[in-house]
1. Read phi for every residue in region 284-300 and hand back ³J(HN,Hα) as whole Hz from Karplus 6.51 cos²θ - 1.76 cosθ + 1.60, θ = phi - 60°, with x for Gly and Pro.
2. Once amide H atoms are placed 1.01 Å from N in the peptide plane, what residues at a sequence separation of 5 or more from Tyr166, or on another chain, have their amide H within under 5 Å of its amide H?
3. Once the piece of chain linking Ile184 and Val126 is laid out straight, how much longer is it, given 0.36 nm per residue of separation minus the C-alpha distance between them?
4. Would you mind telling me which residue in Tyr197, Tyr146, Tyr59 has the biggest mean-square fluctuation in a Gaussian network model of the chain, where springs connect alpha carbons within a distance under 10 angstrom?
5. Please report the relative contact order for the chain, taking Cα pairs under 8 Å with a sequence separation of at least 6, and give it as a percent rounded to a whole number.
6. Quick one: 3J(HN,Hα) in Hz for region 216-221, Karplus 6.51/-1.76/1.60 with θ = phi - 60°, rounded, Gly and Pro as x.
7. PRE reach from Ala25 (point 7 Å along Cα→Cβ): which of region 250-270 fall under 19 Å by backbone N?
8. Give me the percent relative contact order of region 156-216, please, defined on Cα pairs under 8 angstrom at least 6 residues apart.
Amino acid sequence: MNQKKSKVIDNPVVSIFRGNMGIIAVLVIMCIIVTVATDKFLTANNIISVLRQISINTYIALGMTLIIILGHIDLSVGAIVAMSGTLTVGLIVNQNMHLGVAIVLGILVGVMAGFISGSIVSNFGVPAFIITMAMMNIANGIAYVYSGGQSTRITDEFFIAIGTGYLFNVIPLPVVYMVVLIVIFSFVLSKTKFGTYVYAIGGNREAAKLSGVPIKFIEITVFTLSGLLSAFAGLVLCSRMYSGQPSVGSGYELDAIAACVLGGTSMTGGKGRISGTVFGAMVIGIISNGLNLIGVSSYWQLIVKGLIIACAVLLDNQKGKLSFLRKKK
């Protein structure tokens with residue numbers, strides 16, 4: 001009997017639901033509210049549209065989850081989305097570069113941006129908030145300077161298929177990428193030594209240092225991964241829009257942070273899980289989709305998202321205080 005109970009508890013699906021009951025409850029409530037507000041929400045086309053919208057934020061939020069668990073923040077992700085996407089499309093259309101080479105270069109630019117931010121934060125002890133804000137301005141500047149502030153249209157069928165194609169003519173490719181990345185990062189964070197080091201650094205940096213954890217290597221790697229995921233998001237997004245636009249990444253860092261904190265990732269570091277971030281991204285996506293269906297202005301949507309982040313951080317802060325008081329008792 002005890003063995004059966006143990007197997008149920010160890011079941012990964014059960015574990016995911018047990019660990020994310022709060023955000024899942026919020027997700028269900030949001031779905032009910034939007035369904036009552038509009039009959040367009042539960043249509044097959046709209047559900048596919050929501051999944052496609054969620055996918056972009058999820059790519060970015062996966063990297064952001066690791067960074068926040070470390071106890072840092074990355075404000076440059078949205079700008080990297082715009083820079084990488086704009087450069088990739090521009091190299092193909094304006095420089096007539098081979099598609100594969102342009103894609104690799106566009107991704108590498110994002111990787112390099114993340115690597116530089118991580119190296120400065122790790123080696124010089126400069127707050128990540130400051131460095132990534134500087135990188136945000138640099139990346140935005142590169143996107144605008146290269147494109148002249150104009151969008152660049154692309155008609156290459158293979159490139160467009162990256163973001164608009166379907167697997168088995170049913171599942172959008174961006175959703176397929178999202179599922180693959182979720183599986184990879186869930187495994188890395190929960191089943192590898194690298195993931196253990198990430199939690200150790202975020203939980204107690206000094207203890208991790210004394211235990212021999214390679215802090216600099218882990219921090220640089222995490223920021224580099226964040227740059228990689230943001231660049232990939234930029235590639236998929238530009239493919240979906242048939243163009244490279246220097247302004248496209250604006251506000252993406254807000255959505256990524258919101259997905260993380262809603263999913264239970266602690267802003268003080270040391271706590272978080274990929275599954276929670278995914279549910280958080282779903283909530284953000286459903287809120288945006290629902291407000292669009294109802295006809296709420298995009299300006300009001302920014303206010304709603306800002307309030308959600310504020311509430312999530314306050315809840316996280318209160319949970320931290322409660323756990324501290326329990327330990328004291």
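Computed from the coordinates by the stated procedures, all read-outs in this text should not be read as laboratory data. The structure displayed is predicted, hence computed values, not measured ones. As a convention, Cβ positions derive from the backbone with ideal geometry for all residues, glycine included, and neighbour counts pool all protein chains shown.
1. Calculated HN-Hα couplings, in order: 4, x, 5, 4, 4, 5, x, 5, 5, 5, 6, x, 7, 4, 5, 5, 5 Hz.
2. So Tyr166 has HN proximity to Leu173.
3. On the way: separation 58, 0.36 × 58 = 20.88 nm, distance 3.00 nm.
Once the chain is fully extended between Ile184 and Val126, it gains 17.9 nm.
4. Tyr146
5. Numbers: 511 pairs, mean separation 102.5, N = 329.
About 31 percent, as a whole number.
6. Each residue's phi maps through the Karplus curve to give 4, 4, 5, 5, 4, 5 Hz.
7. The answer is 261-266, whose backbone nitrogens lie closer than 19 Å to the label point.
8. Values: 32 pairs, mean separation 8.9, N = 61.
Once divided by the residue count of region 156-216, the mean separation gives 15 percent.
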